[in-house]
Amino acid sequence: MKVLRWCLVIASMVYQVAISAETLEVTIHGMTCAFCVDGLQRNLVKLPGVERADVSLKHKKARIRMKPGVSPDIADIKQAVIDAGFTPLGVTVIPDAQ
Amino acid sequence: MRSSQTTVFLLSILMMSIAHAMGLRSFVALPVEKGGAVGRMQLERNTDQDIERSTVNLAYGMRARHTLLFGLPYRLSPSGPDRLGDLSALYRYIAWQVDGPARTHRLGLLGGGIMPTENSRDGAIQGGAVATFYRQRYEWDLDLLYAAGLSDRPDAARYDVSWQYRLTPAEYPDWGIGAEWDLVAELGGRWRENQSTVHQITFGVQWISQRWVLEGGVIWDLNDPHHTSLLLSTRLHL
């Protein structure tokens, strides 16, 4: 019974990890005004598996939240930034918020 | 005679398509995303000559550095023939681009043509360049465009130097795209074969949000300060 209980606990933890969503931040250079970065946000949201995308002109970054269980394609994300007319730099994976 | 010649020249200036610009009247080398489009509707009224025209512009992003620019003017007043202007089509290629954390420097090449909408008019081939320098809250746009007229169409040319300054906000929010107010000052020149060059100075403001731009300004003719025009425009990210 005790073993079964521990198995259930471990199984639920594994399940939680498997369905957790990933969040990434991409550093982007070349962004200017609000109107100019609208296209960037549209491009990012259209990517498969992307649940939400936010842009920060202050921090020169875009924050991308993936749908649960979907792994990000870094190359696709960088290409979306290039297709919007800007320059992507580093990509940082943010641990899923508790 | 001088007054009628001035009117004709002003009409010809007003019917020159402006195409996509982030300055009030100048071109810019800023991007339109791949597959994206920006539409613009502009109204301009020359208060002295009682000339009004509207211009519809469209910018389409083919790829990251490749943009198509279209412009079509229409004379609202005075009435009479030839109210629909000629269609301007330009291909803009960003040949040089250096991006930094809060800046971008870009140089674009322009090439295309002017297609007449009336059989009585001839077209033109046009080419030029545009540069944008943006840093922190300031932006400079410079453009130069020459249109070589075909058959009987006279040659024409233009230059613009545009300066924009973000009035507010002083600092962007941490996340999200909010609206901003920009101040604009521009110097521009318009030349047409067998006519003198008209130099104009423009002052205006822009309200810029994520999808909309609303803007307005006043244009003074430096050759004759009594000649002024009012400009009102809106842009939409389609």
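Throughout, read-outs are computed from the coordinates displayed, never taken from laboratory work. Model, not experiment: these values are computed from the prediction. Backbone-built Cβ (ideal geometry, glycine too); neighbour counts: all protein chains shown.
Set the Förster radius R0 to 35 Å, insert the Cβ-Cβ distance between residue B:93 and residue B:163 as r into 1/(1 + (r/R0)^6), and round the FRET efficiency to 0.05. Working shown, then result.
Details: r = 24 Å, r/R0 = 0.70.
The value I calculate is 0.90.
Using the per-residue mean of other Cβ atoms lying within 10 Å as a proxy for protection, in what order, highest first, do the peptides A:75-82, B:171-178 fall? Kindly include the intermediate steps, with their values, before the conclusion.
Working: A:75-82: 18.2, B:171-178: 14.5.
In decreasing order of mean packing, A:75-82, B:171-178 become A:75-82, B:171-178.
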Per residue of B:47-55, count partner chain C-beta atoms within 10 Å of its C-beta, then hand back the mean as an integer.
-> 0
Report relative contact order for the range A:20-94 in percent, whole number only (criteria: Cα-Cα under 8 Å, sequence separation at least 6).
-> 48
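Using 0.36 nm per residue, how much length does the chain from residue B:41 to residue B:236 gain when fully extended, once their Cα-Cα distance is taken away? Could you put the intermediate results ahead of the total?
Numbers: separation 195, 0.36 × 195 = 70.20 nm, distance 0.89 nm.
Using 0.36 nm per residue and subtracting the Cα-Cα distance, I get 69.3 nm.
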On full extension of the chain, what length is gained from residue B:83 through residue B:212, given 0.36 nm per residue of separation minus the C-alpha to C-alpha distance?
-> 43.6 nm
Comparing B:162, B:79, B:54 in a Gaussian network model of chain B (Cα, 10 Å), the one with the largest mean-square fluctuation is B:79
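Quickly estimate the mean residue ellipticity at 222 nm for the protein assembly as shown, helices only: each DSSP H run with n ≥ 4 gives -39500 (n - 2.57), and the total goes over all residues, rounded to 500. Please report the intermediate quantities before stating the final value.
Numbers: 4 runs with 54 residues, N = 336.
Using -39500 (n - 2.57) per qualifying helix, the result is -5000 deg cm²/dmol.
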To the nearest 10 degrees, how steeply does helix B:2-14 sit against the main Cα axis of chain B, on a 0 to 90 scale?
-> 40
